[in-house]
Each structure stands twice: as C-alpha cells, then as structure tokens.
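Right, one structure below, let's go through it.
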Amino acid sequence: MQAINASIGFDRKMWRQDIRGSLAHAAMLAHVGIISTEDERAIREGLAGIAARIEAGDFPWDEGLEDIHMNIEARLTEAVGEAGKRLHTGRSRNDQVALDVRLWVRDAIDGLTGQIEDVMRALTARAEEHAATVMPGFTHLQSAQPTTFGHHMLAYVEMLSRDRGRLADARRRLNESPLGAAALCGTGFPIDRHMTAKALGFDGPTRNSLDSVASRDFAAEFLFACAMCATHLSRLAEEVVIWTNPYFGFVTLSDAYTTGSSIMPQKRNPDAAELVRGKTGRVMGALTGMLTVLKGLPLTYGKDMQEDKEGIFDAAETMTLCLAATAGMVRDMVPNAARLREAAGAGFSTATDLADWLVRELKMPFRDAHHVTGRLVAKAEAKGSDLAGLTLAEMQTVEPRITEAIFGVLTVEASVASRACYGGTAPENVRRMAAEWRERLA
C-alpha cells in the first residue's frame, strides 16, 4: 500500500510551488487573524530553511510521509513546533495539490514559451539568409513547384507561433487559484481567497470549490499544446532526416548534431533529429494518459488524480530537450544551395508557370491551359529534357500562339519571383516577413 500510495518520488519536483503556496496561505491566515503574526513569521522562516535544504540537496525525503505536502509540513513542524501545525488551517491537500500543479504548469509554460521563441528566432535568421535560395516545394513528397529555403523556414515559424499562442491560451485559462476550496466544499474559516490569489500571481480565485479540486483540464490542455508543438518539431526533424540523406543532399549537419556508426566510419547519422521525432510519442502518450485518467472520475477528488503529475513532468522535460535540440540543429545546418536549385527544377516544376503564362498572355481558359501544358510536359518527357529544353517550334506544334516570351517564365528563379501575392514564396515577401518576425521576436 505504501509503495502504490506514495507520490513523493515524483511530486517533490513541485517543492518550490508548494512552499510558495504555503507562504501565501500563512500570510493570509495572519492577515485575517486566524493565526498570530508570530506564528506566520515562524512559518515563513521555517519554510525558508526547508527551501535552502532542498536546494542544497540536504533534505531527508520520507516515503512514509507519502507526498510533497506532508514531507514539508512534517519538517516544518519539527523546526518551528506548534506554529507549523497551524499552517494547514483552512485548506486541504486537495486544494493544495491543485494549486501546486497549476503553479508548476504555469512555470513550465513560461519556460517553454521562451524556448519556442528561440527556435522561431533561429528559423527566422535562416529565412533571412536564404530568402532567395531556391529549393523544390513538394506535395505528396513529389516535386511540385519551386519555393525558397527561407519561405520553408518561415512555414515552421508560423506553426510555432500558433503553438506559442496555444500555450498562452492555456496559461490564461489556468490562471485562477484553487487555494481555499479545501477538501471540496470550501472552509468555514474567514479566509481571503482573493488575497492569496493575488499574492500568487493569479487573476483571481476559482469560482466553484468542487470544480477547483476535481478538474485537471488545464493540465490536459497544456499537454495538448505540448503534443501539437512536438508534432511540428517532429515534422521539421523528419525533413532534416530526409534532407541530410546523400540522395537528397539538401543540407549538412556538423558533428555536433550527428553521430557516427560503430562499424561504418563514413556514416553521419542525424540522431538529434531522429530523437526529436521519436520523443514526440512520449508527449502524445502523456496526453492520452491524462485524458484516460480523467474520463471516468466522478466529482470531486479521487486518488487517480495522482497519476496526472508524471506525464506532465515528463512531457515538459521532453519538450525542453526537443526545443533545445531543434534550435541547435536549425542554427547548425548548412543548406547546399547548388543542389537545392538543381532539385528545384526537376519534375517539370515550372509547369504551373507555363499554364499561368498561357492564361495570362493568350487569354486561354485555365482548364485548356492545363491540358496544353500536360501535352508539352509529355513532349519534353519523350525528348528527355525539361520544359525549357523544348524549342519554340516544338511548343508551337501543340499551341501555335506560343511566343519566345514563354522562356522567361520557365526558370525556377522566375517561378518563385512571380509568387508575389501575400504569403507567397517570392524572395521579397520572404525578406519582408522575416524582418517582421525578427522585430516581433526581439
């Protein structure tokens, strides 16, 4: 029973949040006259001593005391006597743990937000450097249209900006204090919940004591935001794995973010990217685990909710590692501009530009232009050339009105430059958007 019941092995991570909550609670109890100012001072000094011991690694954790709350309260009572026994007046471990988890998740959100912004800055810097570096754009992992490396980097900036927004939304919703809800129905003591909420940086206290101790939707929402961000990092990591493959040769990574083989000395494996891709499953698993724990719980608190913490802790730590690795890889990778340009022209990637020219210059309906372009692609394919390798005469056998001007739109540089609509891949667009993100992230 002790082994399955104890949580001190993992919930000790919340010691800072637990002490913060206790300090605010003690100050409020003294303010409203429930405990004396002398007791509040003794509690404050005792908790400061406990914090120093934990920070120094000199705190005797006792599994027999079950959790972080009882461990700290027991040591406090040993240190300051009767005053320590008065600290728990007007609260329960139910609202105490709900408070600690909210504080811990809020701190984690703040840390992860800073890391997300660091990855965004790294991607933005690469976008500015390579605003005009042409590369192939893919659909179905097949060559589609030319784009630029900078535009590709900015796509991930946009994804991460939404991840940052989801974390901000989650933070805003969780920023209510459950302290004072006590076991489930509130307390008969004349506590001031608004005071403790303000002291702990919350927007205010929660409005329903049952919901206060029963709900962990804020934790599930945090985990979803983490899982979505991890998914975006995994997509980028997958591209790094593909791009560093010699058959693609789009980018290289240094030895700092690759590993060798135990028997093949020529290998440079993109292990950092592969691990970011692989660790995404842990974060998704934490979300699934949280929802599974919560789905069958009647109001209010059940010991099942002890299972909320390890998934939260692991997901946050995993995200911290993955974001750091991703920021490092983005800054480390060196695009092969010549290879990217060569690949950008493969697979008749300027076919859409040809069709657009027929619509624009010959006033041809797009569906007719699509048909003509398909015939020209087939002709080039039979000849073993790209579209620009067809002669004007050969093109005119398919559509007699085609002129020499057609060749001006068949280069990959002309293709990307023409995509100048808002959000398009034109280098000037990329430079402008990268500059905007740089300023926003400064």
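The values are calculated or read from the model by the stated rules, or taken from the named source; none is laboratory data. Here the structure is a predicted model, which is why all the values come from computation and not from measurement. Virtual Cβ from ideal backbone geometry, glycine too; neighbours counted across all protein chains shown. Just so you know, the surface numbers come from the protein's heavy atoms only, side chains and all, with ligands and any DNA or RNA stripped out. Shrake-Rupley method; radii C 1.70, N 1.55, O 1.52, S 1.80 Å.
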**Message:** As a test of the formula, what do you get for the chain when each DSSP H run with n ≥ 4 contributes -39,500 (n - 2.57) and the sum is divided by the residue count, at 222 nm and rounded to the nearest 500 deg cm²/dmol?
**Reply:** -20500 deg cm²/dmol
**Complete:** Once normalised by the length of the chain, the mean sequence separation of its alpha carbon contacts under 8 Å that are 6 or more apart gives a contact order in percent of 18 percent
**Accessible area (Å², per residue) of region 137-178, counting only protein heavy atoms and a probe of 1.4 Å** = 43 Å²
**Request:** Could you grab the relative contact order for region 1-89? Cα pairs under 8 Å, six or more apart, rounded to a whole percent.
**Result:** 41 percent
**Request:** Calculate the translational D of region 316-442 in whole µm² s⁻¹ from Stokes-Einstein, where the hydrodynamic radius comes from the Kirkwood formula applied to all Cα pairs, the temperature is 20 °C and the viscosity 1.002 mPa s.
**Result:** 123 µm²/s
**Item:** Cβ-defined net charge surrounding A30, 12 Å radius [Lys, Arg +1; Asp, Glu -1]
**Value:** -1
**Request:** Can you work out the accessible area per residue across region 1-89, with the rest of the protein chains kept in place, probe 1.4 Å, in square angstrom?
**Result:** 47 Å²
**Request:** In a Gaussian network model over the chain where Cα atoms closer than 10 Å are linked, find which of T403, T326, T350 has the largest mean-square fluctuation.
**Result:** T403
**Asked** How much net charge surrounds A83 when only other residues with a Cβ under 15 Å from its Cβ are counted (Lys, Arg +1; Asp, Glu -1)?
**Response** -2
**Request:** Run down the lysines and flag those whose C-alpha is under 17 Å from the C-alpha of K13, throwing out any fewer than 8 positions away in its chain.
**Result:** K309
**Asked** Which distance in nm do the two modelled labels at D271 and R172 give, with both placed 7 Å along the Cα-to-Cβ direction?
**Response** 4.3 nm
**aspartates and glutamates with Cα under 15 Å of K279, excluding same-chain neighbours fewer than 8 positions away** = E238, D271, D314, E317
**Message:** Using a Debye calculation, one point per C-alpha and no hydration shell, please list log10 I(q)/I(0) for region 1-89 at q = 0.10, 0.15, 0.22, 0.24 Å⁻¹ in order.
**Reply:** -0.24, -0.53, -1.03, -1.17
**Prompt:** Relative to the Cα centre, what is the charge dipole magnitude of region 51-143, using +1 at the beta carbon of each Lys and Arg, -1 at the beta carbon of each Asp and Glu, and rounding to the nearest 20 debye?
**Reply:** 280 debye
**Request:** Mind jotting down the distance between the C-alpha centroids of region 148-207 and region 27-69, whole Å?
**Result:** 25 Å
**Asked** Which log10 I(q)/I(0) values, to two decimals, does region 69-142 give at q = 0.11, 0.23, 0.26 Å⁻¹ under the Debye formula with one point per Cα?
**Response** -0.58, -1.02, -1.12
**Item:** For the chain, share of DSSP beta bridges that run antiparallel, in % to the nearest 5
**Value:** 90 percent
**Item:** Fraction of accessible area attributable to carbon and sulfur, region 255-333 (%, probe 1.4 Å)
**Value:** 57 percent
**Prompt:** By average Cβ neighbour count within 10 Å, what is the ranking of 364-374, 172-182, 266-276 from highest down?
**Reply:** 172-182, 266-276, 364-374
**Packing rank of 306-315, 218-227, where each peptide gets the mean count of other beta carbons within 10 Å, highest leading** = 218-227, 306-315
**Item:** Cα-centre dipole for the chain with unit charges at Cβ (Lys and Arg positive, Asp and Glu negative), debye to 20
**Value:** 760 debye
